[in-house]
Amino acid sequence: MTASGHHARPLSGQLVDRVRHRLAAAGVAVSPSAVAAAVRAESDGVLADLQVLSALRELQQELVGAGPLEPLLADPETTDVLVSGPDEVWVEQAGELRRTEVRFADADAVRRLAQRLALAAGRRLDDASPYVDAPLPGGVRLHAVLPPIVAGCTAISLRVLRPTTHGLDALQAVGSVSPEAGRLLRAIVAARLAFLVVGGTGSGNTTLILRHTYRVICVHAG
């Protein structure tokens with residue numbers, strides 16, 4: 001809250017862009033003091049100290065990592081994070097999908113995040129290439145689509161791939177693979193035969209591809 005008792009309003013997308021361009025043009029390191037000076041310069045110095053601190057937090061979310069989605073991704077229980085609008089951010093944990101309190105300033109902020117994540121994955125995301133599906137550093141799978149392929153707002157899907165090892169015995173123990181299927185898979189691998197693993201997204205295709213498999217063609221139907 002400001003000294004007058006009101007909550008500091010979020011930065012506009014235009015102000016964020018102006019601050020970003022000012023920092024880029026100056027060629028200085030993106031430090032808190034440099035960002036604070038740029039915010040004050042671009043806002044004609046009318047922001048209170050608390051508003052500048054709020055702006056620093058917002059710009060950090062704009063410029064670093066997955067922005068406001070970072071805490072969700074850091075939660076070890078999270079398997080998926082989905083964004084379908086500035087105020088429609090969902091997280092899946094323990095098999096349950098729920099809406100979160102995370103909010104973006106506007107649809108442009110969602111688009112900027114999607115484009116920055118695509119760049120981190122070595123891909124482009126713009127009107128000429130309006131969708132991307134690529135791995136991000138740290139074991140996260142990015143899928144993003146721009147309007148007008150999706151209605152209204154850029155859609156973002158982040159799937160967290162947790163590092164785990166699933167042997168065939170473990171899969172049989174939890175019922176993912178039947179004893180008959182286990183024997184068949186062992187025989188296929190021992191014979192070094194090529195085979196297909198077919199199924200929709202999230203159905204366990206990757207889990208089934210064991211590290212001792214010599215030749216695997218993985219076909220995703222989803």
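The values are calculated or read from the model by the stated rules, or taken from the named source; none is laboratory data. This structure is a prediction, so every number in the text was calculated from the model and none was measured. Note that we place each Cβ from the backbone using ideal geometry, even for glycine, and neighbour counts take in every protein chain shown. For accessibility, only protein heavy atoms count, side chains too; no ligands or nucleic acids. Shrake-Rupley method; radii C 1.70, N 1.55, O 1.52, S 1.80 Å.
Classify the range 77-188: rounded, prolate or oblate, from the alpha-carbon gyration tensor (a ≥ b ≥ c, eigenvalue square roots; a/c under 1.5 rounded; otherwise prolate if a/b is larger than b/c)? In terms of gyration-tensor shape, prolate. For the range 71-157, applying the loop criterion from DSSP together with a ceiling of 10 other beta carbons within 10 Å to the GluC sites (Glu not before Pro) yields GLU101. Among the trypsin sites (Lys or Arg not before Pro) in the range 80-114, those located in a DSSP loop and surrounded by at most 16 other Cβ atoms within 10 Å of their own Cβ are ARG103. Packing-based ranking of 17-26, 190-199, 65-74 yields 65-74, 17-26, 190-199, ordered from highest to lowest mean Cβ neighbour count within 10 Å. Rolling a 1.4 angstrom probe over the range 126-197 with all protein chains present gives an accessible area of which 61% lies on carbon and sulfur atoms. Spacing of the modelled spin labels on ALA151 and GLU70, each 7 Å from Cα toward Cβ, amounts to 3.4 nm.
Grab the beta carbon distance between ALA24 and ARG98, set R0 = 45 Å, and tell me the FRET efficiency rounded to 0.05.
After rounding to 0.05, the efficiency reads 0.75.
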